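Below: one structure, written as C-alpha cells.
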Amino acid sequence: MAQLPAGYVPLIQALSRWLRPAPRPIPEPLWQQACRDIPWLQGLSAARLDALRTLATRFLHEKTISPLGDLVLRDEDIVLLAAVCCLPLLGLGETGLRGWSQLILYPDAFRVQRSHVDAAGVLHEWDDELIGESWDSGPLILSWADIQADLQAPFDGYCVAVHEMAHKIDALDGAIDGTPPLPRAWQREWAADFQRAYDAFCVQVDAGEETLVDPYAAEAPEEFFAVVSEYHFSAPHVLAEALPSVAAHLRRFYGEPPEGA
C-alpha cells in the first residue's frame with residue numbers, strides 16, 4: 001500500500017477526533033450535588049457553571065482516575081473531583097487539559113523519595129511527605145483526605161487541587177516558571193508584576209517576617225503562582241490585601257473569585 005503524503009495527516013487526525021465517542025454527560029443529580037458540595041462554585045453565573053460542567057465532562061472523558069490503596073470513590077466523588085480540578089480552567093477552556101492523562105488519588109498524604117547531588121558530588125537522599133504533586137507531562141497526584149479538608153474549610157487559603165492544576169496550566173507553554181500561556185503584551189506585564197511581587201515576598205520571608213500568604217510561595221516562582229492561585233479561590237480578600245497587582249492579574253486570568261470567600 002502506498003504511503004500517504006504528509007498532507008493527509010491532519011485529515012486523518014480530524015477523522016480520528018470525529019470518530020471518537022462523545023463524552024457521556026454528567027447526570028443532573030450528580031452535577032447538582034457537586035454544586036452544593038463545592039463552596040467555590042457558590043455565586044458563579046449560570047454561564048460559568050455551564051462552562052465548568054462542560055469542562056468536567058471532558059475531564060472525565062479524557063482522564064483516567066486511579067484511586068490507590070483501599071480508597072473507593074462514589075460517582076458523586078468523581079464528579080466533585082472533576083469539577084474542582086476544572087475550576088482553574090474556566091478562563092482557558094479545554095486547552096488547560098492538554099499534556100497529561102492520569103489523576104492518581106491517594107487516600108491521604110503520601111511519601112516520595114528525593115535525591116540531590118550537591119556541588120561536591122555528594123548524593124543526598126530523603127523522603128518528602130506530600131499532599132499533591134504534578135509531574136511535567138505526567139500524572140496529577142492528589143490526596144483525597146486533603147481535598148476533603150479543603151472543602152471543609154474552603155476560605156482558609158488552601159486548595160490542593162487548584163495548586164496542582166496551576167502547575168499543569170503553567171507547563172502549557174513549555175516552561176514551568178510561574179507564567180501561564182498568555183498573549184504577548186499581557187505576558188510581559190504579568191512577568192514583570194509577578195517577579196516584582198515574588199522578589200518582595202521572598203525578602204519578607206527571608207527576614208522572618210510574618211506574611212499574609214503562605215510562606216511556601218517563596219520556594220520558587222512556579223510555587224508562588226500555584227499558591228496565589230489557591231488564594232484566588234479560597235482567600236481572595238487576603239490575596240488582594242497582600243499582593244494587589246498579583247490579585248488583579250488572577251482575576252483577569254481565572255475570572256472573579258467565589259462570593260463569600
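The values are calculated or read from the model by the stated rules, or taken from the named source; none is laboratory data. Everything numeric in this text was worked out from a predicted model, so none of it was measured. With ideal geometry, Cβ positions are generated from the backbone for all residues, glycine too; neighbour counts draw on all protein chains shown. For accessibility, only protein heavy atoms count, side chains too; no ligands or nucleic acids. Shrake-Rupley method; radii C 1.70, N 1.55, O 1.52, S 1.80 Å.
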Query - Ranked packing of 85-93, 202-210, most packed first, by mean Cβ within 10 Å - result: 85-93, 202-210
Report summary line: Interchain or sequence-distant (5+) residues whose placed amide H lies within less than 5 Å of the amide H of Ser66 are Leu103, Ile104, Leu105
**Report entry** Neighbourhood net charge (12 Å Cβ-Cβ; Lys/Arg +1, Asp/Glu -1) for Leu239
**Finding:** -2
Report task. Calculate what fraction, in whole %, of the accessible area of the stretch 146-261 sits on carbon and sulfur atoms when a 1.4 Å probe is rolled over the protein chains. Result -> 49
